[in-house]
1. Taking the Cα atoms of the chain alone, what are Rg (to one decimal) and Dmax (as a whole number) in Å?
2. Would you mind classifying segment 71-116 by shape? Square roots of the alpha carbon gyration tensor eigenvalues, ordered a ≥ b ≥ c; an a/c under 1.5 is rounded, otherwise it is prolate if a/b is larger than b/c and oblate if not.
3. Per residue, how much accessible area does the chain have with a 1.4 Å probe, in Å²?
4. If you place +1 on the Cβ of every Lys and Arg, -1 on the Cβ of every Asp and Glu, and leave all else neutral, what size is the dipole of the chain about its Cα centre, to the nearest 20 Debye?
5. Counting only protein heavy atoms and using a 1.4 Å probe, what share of the accessible area of segment 3-78 belongs to carbon plus sulfur, as a whole percent?
6. Hey, rough spin-label estimate for Leu11 and Arg101, points 7 angstrom out along Cα→Cβ, what's it come to in nanometres?
7. Taking 0.36 nm per residue of separation and subtracting the Cα-Cα distance, what length does fully extending Gln114 through Lys43 add?
8. Could you give me the ³J(HN,Hα) list for segment 71-76, computed from phi with Karplus coefficients 6.51, -1.76, 1.60 and θ = phi - 60°, whole Hz, x at Gly and Pro?
Amino acid sequence: QVQLVESGGGLVQAGGSLRLSCAVSGGTFSTYGIGWFRQAPGKEREFVAAMSWSSGNIYADSVKGRFTISRDSAKSTVYLQMNSLKPEDTAVYSCAASRRRVGARTSEYDYWGQGTQVTVSS
């Protein structure tokens, strides 16, 4: 069984930065692909970024150039560095783990965290 716990969310002004963390436990960290998703009020859940331990990173067009996904295998933690934040980035951000190749679809992921709130004020 794999557990994921997000942290690092909060309130930030437009143009600011936040770094989200996703702590992974209960499995072999290096064998899972990890993705980040977000859901704003009244909106559908959307893909943000993903990475595999053996593959390159994937980013949504809306965050490319502003967000960066990375991992620290020694700490079994995945990070999402968010720069130049905009009000439209406001959402609950969740991390997810996949036992197979990662992608932009929620159906490709097997385990999910509970999410952390990110609010960007204008």
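1. Spelled out, the Cα radius of gyration and Dmax of the chain are 13.3, 41 Å.
2. Oblate is the answer for segment 71-116, as a/c is 1.5 or above yet b/c matches or exceeds a/b.
3. 52 Å²
4. 180 debye
5. So the carbon and sulfur contribution to the accessible surface is 48 percent.
6. Label-label distance for Leu11 and Arg101, simple model: 4.4 nm.
7. So the chain would gain 23.8 nm between Gln114 and Lys43.
8. 9, 10, 5, 4, 9, 6
The values are calculated or read from the model by the stated rules, or taken from the named source; none is laboratory data. Fair warning: this is a prediction, and the values are worked out from it, not measured in the lab. Using ideal geometry, Cβ is built from the backbone for each residue, glycine included, and neighbour counts are taken over all protein chains shown. Side chains are part of the model used for accessible areas, which takes the heavy atoms of the whole protein and leaves out ligands, DNA and RNA. Shrake-Rupley method; radii C 1.70, N 1.55, O 1.52, S 1.80 Å.
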